[in-house]
Every structure is written in C-alpha cells, then in structure tokens.
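The values are calculated or read from the model by the stated rules, or taken from the named source; none is laboratory data. None of the values given here were measured: they were computed from a predicted structure. Accessible surface areas use protein heavy atoms only, side chains included; no ligands, DNA or RNA. Shrake-Rupley method; radii C 1.70, N 1.55, O 1.52, S 1.80 Å.
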Amino acid sequence: MPMLRRPPVGSGRGWLPGALLVATLALTVALAYEANDAAQSHRAAAQRTLQDYASVAAWQFVRNVKLEMRNAMTDAFRPVLDLGQVRAGSAVLPPPSVLATGGARVAACDPGGGARAVIDTARYYFRVDPAPGQSRATIVISGAAPGGDVADRVADTVMAHLGARSADGFELVPIFRRVGDQLRSLVFVVLRAPPPQSAPVAAYGFEMCTAAFGAPLFRQVMRSYALLPPSLTGQVPVDSLLALTIVDSSGQVVFQSDSADAPAPAAEGGFAVGKGIGTLATRVTLRPRAAERLVAGGVPPSRLPRLLALVTLAAALVAIALFHLRRERELQRLRADFISGVSHELRTPLAQIRMFGETLRLGRVRSEDERRRSLEIIDQEARRLAHLVENVLQFSASEREPPRLSPESSDVGEQIRDALAGFAPIGLARGTVISVSVEAGLSARLDRGAFRQMLVNLLDNAVKYGPVGQEVAVAAVLAAGHARVTVDDEGEGVPDEARERIWEPFARLDRDDRPAIGGSGIGLAVVRELADAHGGRAWVERSPAGGARFVLELPAAWIAAPRLAEQPA
C-alpha cells in the first residue's frame, strides 16, 4: 500500500540556526541558575543578619532583665549585702531570717500589686553553707518550712550552681521551677571570700511566686530599653519590631509580648535553656517591619518561581522557533520539488509542441491523417500547459489573499459538459473513457471558472494515477441541500492515513516517484481551497470499483433543466 513520502530535512549548514537556538536556551538556563543562586545567597545573608540582630535583641533583653532584677532585689538582700565579702570561718553568719523584712516587700503574688497584693504565706528563707570535703551542704531554714525533700533539693541546686560558676562580689541567681500549676522563683545571692580565693562562703535566698516580679519586670524592660540599635530602628516602638516569648524548662510559656503571635516572622534568635534568665529561655522573633529597617531592602523574596517561568517561556519560544525553522526548511525542499515538478510538466508538452510544430513547418507529414494527428497532439499539449499555468497562478494568488469568486446559480450538468469538452483530448491520450451521470434539474451556486478548474484537476488526477484504458465515472446528485459531484477512478486508491494529507500543498504519495507520473503537487490543494471559498467542501473516499472517489460538494440551487443522460466522453 503506498505511503506518504515526507520530504527529508535539508543537510549542510542547516543545523547551525537550530544549534544556536539550543545554545541560547542553555545560556538562558545558566543565567537563570546564576541569578537564582545570587538571590538565594542574598536572601541567606539577609536571614543571617536578621538572626544576628534577633540574638543581640535576646541578649540585650536578658541582660537588662538581670539588671532590673538585681535592682529590685537589692533591698530584699540588703542585710546580706552589708556583710560584704566574708572569709570562710572568720565570722558568725546571721540566720536566713534577716531577709524577712526586705523579702516581704516583694512577696505580692498578685502582679497588680498595691492594695490587691497578697503576701505569699508559703515563703521560706534559707542559708546554704558549703561544706568542703563533705558530700552534702548544710541548709538552714526559717519561715514556713517546705515539706518533703524540698530543702535538700534546694541545697543541691545551690551547690550545683556554685560548682559551675566562679565570680566575685554580689552574685544574684534566679532559678525558676513549677510547683503544681504555679511557677515559683528561687532567688539567692552568693557570698564569696575575697580574691584571690573567691571561694563560696554561703548562699542566702528565698522562694516566692514568679508573678511577684516576672511579667511586670519583663514588660518594663520591653518598654524602657532599646533592644536593637536606635540608629536603625529610630523612634519605632520595640514591641512593633519584635515579638518576645519566655518559656520555662518544660516548654511552657511564662511571658509573651503582645506581638508574639503575629504571623510570618522574618527571623528568630534567642538563648538556650540555662543561658537566659535562670532556667528560662528567651526567644526573639523579628517582624517584617524590622527586617525592612535592619536590612537594606528587607529580605528579598524568592525569585525561583519567576525565573522558572522565564526559563519555561524561553524554552517554549525556542521550541516554537525550532518548529518553524524545521517547517521553513521543509517548505524550501517542497518548493524545490515543486519547481522541479513544474519544470518537468512544462518540458514534456513544450517538447511535443515543438517537435510536431517543426514537423508541420518542414512538411514532413506523409498524409492528411498524420497532419491531423500532429495538430491534435499540439492542441492536447497546449491544453495541458494552460491547465498547469492556471493551477500555478491560482495557487500563487491564494497564498497572497483568499480567492475572490463570483458565484451564481448555474446548471451543474452544463458546467460538467463544458469542462469535459476541454479535458477530453488529455483523457484520450491515455485511452481513458469518461462517463457522466447528472441528476435532472440540478443546479448550484458556483463560480464557473473555478468549478471548471476544480473538476479538471480531479479528472487530471484520476487519469494520471489510474491505469491506461480505465473508465472514469463523473456523477452529480442532490444530497442534503448540496450539489455533490463525484469522480471515480480505477486506480490504487488513497490510503486511509493519507486522505487528509493529500489536500496539503506539495504533498504527494510514494507512487509519485515513478518517472512516468509527473505533477506539481498543488492540484488537490487548489480544489479544496476553491471548494472552501464556495462554502462547500472536498474529500476523498474509496470508490465501489476499488479505486479512489473524490467528492466535491457545493451549495445547491434549483433551476429547470433536462436530465443529462449517461454517455461516454
């Protein structure tokens, strides 16, 4: 079964434009990658900068809280602080009850203070005396003695702190722990020996509820201290630039600033448990407003979606360019084949006309029959040339603009008879018999010249690709409000997969390669284009005789006309 022959893509340097387009796409991808990498580096640097600022803000907060806490606890620990530095074993240490007077002033468990303040009756005071060389320290309790092993755990906590630190002078240590559902604070100061020993001599302290100074103290620090460089933040309140959260060792929130639950943090920074305020951990989150002030231009957004969109668009444009480049090369090859085919089509009839014209001019004919035969061949080849020129001109004009037709109501049988009269000499050259059958009174709105050209093209196609001596049947009937003209041949037919392709310009079948068959490849394209211009259509199917049936369907119009009987042409 004959298959479609697709023209090969040209060789030589035709690959160069495609290679340049692919190289351009590769360069675009590389540039997009570099741009994304630079944007990510910029974003990472901005995030690191904000992380550093957040850590600085957390450090400043903890430092200022300790300072405020020290100021608040100075009066409570005044009796102990007045002792100054004490050399171990050099004096009798006062009992922990000396803290009762000053400690009572910070005993309010109601954070509102004032008249609503309630003294914490669970308060107790203690003194822990380190015992060098012994496994446990001595603890002295005054006030409401804690139950269970609380005293021993307090002593162990104080000793663990003394073993981990070495400092001089006044050393205030807050430690936070939960008792039931209440957060309580264990606060003590350490008395040390004078340098260079600086050995711990004793620790005085007491326990109270954290609400006595926790949240109010944290809120005061947020309002009163600049946690970020003022040269960058200006007069903007600290609370609008950062959110602060303080959690205890179990992860429960102890304090949260008003903006701590705001969405979309720009960066986070803080201190781990044990490095903040006693056993509390501080977390600072910078808001987007702070990011705009602390980093020039703020944190740049991710450029990846935009870059991916640009690369995709570039890839699509390159693909379209390659597609059109390939089509252009195919069209160039098709045009070359078209020129070659037209040249062959022109050369053969011109050679025949010249040869028989010269025979007549030189008087070489031997009889009247030979002279008549020579004139018939000249007429036949001249008609073939005229038909070919009409197709080329129609195709060339249609590429510039749609065909302009002047349709009018015409008798289909009469138009078919006129077309056959002009085509008969070409059919006779291959011994083709053409039979006609037209439904009586059938008329259609058509342009007479265009209809003649369509029918002659279909007949020429049937004669060219059918066997010598075949019968070509032309029929016209009324079908669904259209005048349907069919041309049946006895050739090989058209494969199913090629029945749309053959209507394209320059498209030809494999059988067209046979030297005996010429052609320009535009005849059927002209037929379909003129049929569309009429508001009709053209298609191909298999004929009952096994060959091809080409169908031309045009809008019908009724006029009185006699039936054109079946007759050979």
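Estimated at the nearest 10 Å², the accessible area of W59 is 130 Å² with a 1.4 Å probe. Per residue, the average separation of C-alpha pairs within less than 8 Å and at least 6 apart gives the stretch 408-547 a relative contact order of 24 percent. The figure for V436 is an accessible area of roughly 10 square angstrom, using a 1.4 Å probe on the protein chains alone.
Largest to smallest in accessible area, the residues R430, R177 fall in the order R430, R177 (1.4 Å probe, all protein chains included).
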